[in-house]
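A.B. asks: My questions will all concern the structure given below.
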Amino acid sequence: MTTAPPATTELSADEARRIALRAQGFLGAPDRRGGVRGVLRHLGAVQLDTISVLARSHELIPYARLGAVGRRTVEDAYWTPPADGASPPEPHAFEYWSHAACVLPIEEWPHFAFRRRAYRARPHWYHELADGAYDAVIKQLRAEGPLTATELGGAKNGGPWWDWSEAKVAVERALMYGEVVCTGRRSWKRVYDLAERAVPGPLLHDDLDDTECLRRLVALAGQSLGVGTRADIADYHRLKGEQVDAVIADSGLVPVSVEGWAKPAWADPAALATAPRGRHRTTLLSPFDSLIWERARTERIFGFTHRLEAYVPKQKRVYGYFAMPLLSGGRLLGRVDPAREGKTLVAKQVSLDTPKAVSPMASALREAAEWVGCSDVRVERVDPPELRTPLAGALTAAE
């Protein structure tokens, strides 16, 4: 790590927390005019994941910031459906590898040229590909238009999930290279199209060199975080620490020190220009929300340990399969592991850090239930147990 320059500003821990909340869209009035697309542009990346409990994560992200926006509205905002009998309109977003598989604003296509070049230069792949298979997929997409892997000839060979067919291997390789772009999801299957057809002409280029790509992504990560350490900034788009070091001096971010943070930090100058003020959201967060992507950052800012336990053996889980943190008053106050049974939202396990979390949890559960079309909320387990009766009362009062 390069030596950080002297801090230009000293921030208290509370100031840093509030700056982070505002940068992530949780402090102040939500931009309803910008809607879901505004949330996407503001965050720069919205993570996708196969798990669907209340809803899929890319739906939960705008819900947490805007409230009960229609789920169809969310999908349409990301993936504008083509008009019948007409050419598809220019997309607002594309899917690519950022923090993970993410929905990204279409304007960011040029910024990922460095990653596309890196994929093209990889010396090997986990999946072998027969001669001609790659060209055959490109030829089919050119002739038939946007297709899923199934429509390209099948996604699997019949074995485990990683036993991809040649068509799937080829189209995923083309996606990484940038010759193909994912323009949407159909029944959760990626829809592939040629980048030359789907990406607007002014954006369809790899003109930016690696340094400029990294500089822009570091600047955008700093804006989306408000304030962060080198590791925080690198994690946002899964950059390497040395990549951040190489460009951060030219990114426009300014060095700051934060009370209680052991390592140097950088902030977006715009985030320092005005004190964060406004209304706090009370909501349940997806475990894949960018506010809590990085565990060390979440612990540092909120004093809250967050871990997705979906891939932890059931007997070893502490908080549940898909525990969703509760955000209220700018603090993380607990979590709930939800499920749905018909028209009932089931809170299988509610974990509350303080009695002050009871009312916000009841409110968040009721709002989430209404959003996904549930008329009832049933609580199964509460920790600590003595808060079960107050929570039941608060849920009744919130009806």
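A.B. asks: At what distance in angstrom do the alpha carbon centres of segment 198-248 and segment 299-373 lie from each other?
C.D. replies: Between the Cα centres of segment 198-248 and segment 299-373 lies a distance of 32 Å.
A.B. asks: Sticking with this structure for a sec: When ranked by the protection proxy of mean other Cβ atoms within 10 Å per residue, highest first, what sequence do the peptides 219-227, 174-182 form?
C.D. replies: 219-227, 174-182
A.B. asks: If segment 10-55 were replaced by its equivalent ellipsoid, with semi-axes equal to the square roots of 5 times the Cα gyration tensor eigenvalues, what would those be, largest first, whole Å?
C.D. replies: Equivalent-ellipsoid dimensions as semi-axes: 25, 16, 10 Å.
A.B. asks: Here's a follow-up. For a test of the definition: using alpha carbon positions, the gyration tensor, and the 1.5 limit on a/c, classify segment 235-301 as rounded, prolate or oblate.
C.D. replies: It is oblate, given that a/c is not under 1.5 and a/b is not larger than b/c.
A.B. asks: For the chain, which whole-number percentage of the solvent-accessible area (1.4 Å probe, protein heavy atoms only) is attributable to carbon and sulfur atoms?
C.D. replies: Percent of accessible area from carbon and sulfur atoms in the chain: 51.
A.B. asks: Sticking with this one: Under 20 °C and 1.002 mPa s, how fast does the chain diffuse according to Stokes-Einstein, given a Kirkwood radius computed over C-alpha pairs? Answer in µm²/s, whole number.
C.D. replies: For these conditions, the coefficient is 95 µm²/s.
A.B. asks: Here's something else I'd like to know. Quick one: accessible area per residue over segment 293-399, 1.4 Å probe, rounded to a whole number of Å²?
C.D. replies: On a per-residue basis, segment 293-399 sits at 49 Å².
A.B. asks: Counting only heavy atoms of protein chains, what accessible area per residue, in Å², does segment 145-274 have with a probe of 1.4 Å?
C.D. replies: With the other protein chains kept in place, segment 145-274 gives 43 Å² per residue.
A.B. asks: So, one more: Which value results for Rg/Rh of segment 218-370 when Rg is the Cα radius of gyration and Rh the Kirkwood radius based on the inverse mean 1/r?
C.D. replies: Taking Rg over the Kirkwood Rh, I get 1.03.
A.B. asks: Right, here's the next one. Shape of segment 6-121 from its Cα gyration tensor (a ≥ b ≥ c, root eigenvalues): rounded if a/c is under 1.5, otherwise prolate when a/b > b/c, or oblate?
C.D. replies: Because a/c hits 1.5 or more and a/b fails to exceed b/c, segment 6-121 counts as oblate.
A.B. asks: Continuing with this model, one more query. Along its principal axes, what span do the Cα atoms of segment 199-250 show, with the longest given first and each in whole Å?
C.D. replies: Cα spread of segment 199-250 along its principal axes, largest to smallest: 36, 20, 18 Å.
A.B. asks: With every atom except the alpha carbons ignored, what do you get for Rg and Dmax of segment 105-258, in angstroms?
C.D. replies: Values for segment 105-258 (Cα only, Rg and Dmax): 18.1, 56 Å.
A.B. asks: Can you give the accessible area per residue of segment 1-59, in Å², using a 1.4 Å probe?
C.D. replies: Heavy-atom accessible area per residue stands at 45 Å².
A.B. asks: Quick check on segment 299-345: take the gyration tensor over C-alpha atoms, sort the square-rooted eigenvalues as a ≥ b ≥ c, and tell me if it's rounded (a/c under 1.5), prolate or oblate.
C.D. replies: Oblate.
The values are calculated or read from the model by the stated rules, or taken from the named source; none is laboratory data. None of the values given here were measured: they were computed from a predicted structure. Reconstructed Cβ throughout: ideal geometry from the backbone, glycine too, with neighbour counts over all protein chains shown. Side chains are part of the model used for accessible areas, which takes the heavy atoms of the whole protein and leaves out ligands, DNA and RNA. Shrake-Rupley method; radii C 1.70, N 1.55, O 1.52, S 1.80 Å.
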